[in-house]
Amino acid sequence: MDASSQSVILAADRLEKHVVGPSGSLEILRGITLAVHPGESVAILGASGSGKSTLLGLLAGLDAPSAGEVRLLGENIGELDEDGRAALRAGQVGFVFQSFQLLPALTAIENVLLPLELNPAHARVPARELSARAHSALEQVGLGGRARHYPHQLSGGEQQRVAIARAIVDRPAVLFADEPTGNLDAETGARIIDLLFELAGPVGTGSGQGAALVLVTHDTALAQRCDRIVRIRDGVLA
Ligand SMILES: Nc1ncnc2c1ncn2[C@@H]1O[C@H](COP(=O)(O)OP(=O)(O)O)[C@@H](O)[C@H]1O
Ligand SMILES: [Mg+2]
């Protein structure tokens, strides 16, 4: 690996995504080339239906491209199987979604614990130590007092804070967020974004962990808080 590729934590090269939908074949993404550096925040800004969520899924290794390549943390995602992608994500990648995606049958603390328990690197770490880490992540998002609440016993903003705690608990190198304020009122959304930037942000600011942040949004004001904005329109970067 040369010096320039070492400073890239995530790279997409000529990504394409085609699907066969109800009305025939559809090119959702075309010729997407993009690089993200460690600790950098990048907004992917575009209108509804422009392909943002599809792109995020490819960048995060949740979905496979029709053509092109994604390198995440130095690995070519296309060369990994499902288990390989899961292993790559464990402990290194965090997600925050518009719809929170908490598991309804688990309490807040159990939701936050899950990525720690699923990470094979922690197999020998005592359970109480993992619990303590999950608690401290909940405290970081201001929800230390809600640990035993189930998602339906929390407000939308609180659920998203639990989701942020879950995303950052294992100190990921890359944090992906897809319209993280889309289901929240403006004031709650603003607080969620503050928290996301504070917790993900550069080491030394707030409790920042130095994660790279890839934030998908249709909200220009939100996008402007990132180091860089990449615009997407009809599946093509502008
Ligand atoms: N699995 C799929 N099958 C067919 N069409 C899809 C599929 N996923 C997304 N699309 C279409 O691709 C376009 C981009 O979707 P999406 O990435 O969700 O956009 P955004 O997140 O920017 O709103 C939309 O027109 C959507 O209807
Ligand atoms: Mg979307």
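The values are calculated or read from the model by the stated rules, or taken from the named source; none is laboratory data. This structure is a prediction, so every number in the text was calculated from the model and none was measured. All Cβ positions, even for glycine, are placed from backbone atoms using ideal geometry, and neighbour counts span all protein chains on display.
Against the conditions (1) within 13 Å of ligand 1 (Cβ to nearest atom); (2) closer than 24 Å to Gly189 by Cβ; (3) touching a helix residue (DSSP H, G or I) at 6+ places or on another chain (Cβ under 7 Å), Leu103 satisfies every one except (1). Taken together, the residues in the range 136-156 that are buried (at least 18 other Cβ atoms within 10 Å of the Cβ), assigned to a helix (DSSP H, G or I) and not basic (Lys, Arg) amount to 4. A search for C-beta distances below 7 Å between a residue of the range 200-226 that is closer than 20 Å to Gln92 by Cα and any residue that is among the acidic types (Asp, Glu) and modelled with pLDDT of 75 or more, counting only pairs 6+ apart in sequence or on different chains, returns Ser207/Glu198; Gly208/Glu198; Ala212/Glu40; Val216/Asp178; Val216/Glu179. Assessment of the range 180-196 against the conditions (within 16 Å of ligand 2 (Cβ to nearest atom), crowded, with 22+ Cβ neighbours inside 10 Å and either closer than 26 Å to Leu58 by Cβ or without any contact (Cβ under 8 Å) to a residue 60 or more places away in the chain (or both)) yields at least one matching residue. Of Ser50, Ser23, Ser66, all but one fail to be farther than 18 Å from Val236 by Cβ and of a type in the set (Ser, Thr, Tyr); the exception is Ser23. Is the range 167-177 home to any residue that is surrounded by 18 or more Cβ atoms within 10 Å (Cβ to Cβ) and within 16 Å of ligand 1 (Cβ to nearest atom)? Yes: the range 167-177 contains one or more residues that are surrounded by 18 or more Cβ atoms within 10 Å (Cβ to Cβ) and within 16 Å of ligand 1 (Cβ to nearest atom). Of all the criteria given as (1) modelled with pLDDT of 95 or more; (2) over 18 Å from the mean Cα position of the chain (by Cα), the one not satisfied by Thr188 is (1).
Return yes when Gly210 is within 16 Å of ligand 2 (Cβ to nearest atom), in a loop (DSSP other than H, G, I, E, B) and either under 18 Å from the mean Cα position of the chain (by Cα) or closer than 25 Å to Ala12 by Cα (or both) and no when it is not. Working first, answer last.
Details: within 16 Å of ligand 2 (Cβ to nearest atom): no; in a loop (DSSP other than H, G, I, E, B): yes; either under 18 Å from the mean Cα position of the chain (by Cα) or closer than 25 Å to Ala12 by Cα (or both): yes.
No; evaluated as a whole, the condition is false for this residue.
Under 8 Å between Cβ atoms, which residue pairs at least 6 apart in sequence (or on different chains) link something in the range 164-175 that is free of Cβ contacts under 8 Å to residues at least 40 places away in the same chain with a partner that is surrounded by 24 or more Cβ atoms within 10 Å (Cβ to Cβ) and in a helix (DSSP H, G or I)? Hits for this filter: zero, empty list. Remark: pairs (first residue in the range 87-109, under 13 Å from Val162 (Cβ atoms) and free of Cβ contacts under 8 Å to residues at least 40 places away in the same chain; second residue of a type in the set (A, V, I, L, M, F, W, C) and part of a helix (DSSP H, G or I); Cβ separation under 6 Å; 6+ apart in sequence or on different chains) = Ile109/Ala134.
Does Leu130 satisfy being buried (at least 16 other Cβ atoms within 10 Å of the Cβ), within 26 Å of Gly84 (Cβ to Cβ) and at pLDDT 95 or above? Even if it seems obvious, please write down each step before you answer.
Numbers: buried (at least 16 other Cβ atoms within 10 Å of the Cβ): yes; within 26 Å of Gly84 (Cβ to Cβ): yes; at pLDDT 95 or above: yes.
Yes; evaluated as a whole, the condition is true for this residue.
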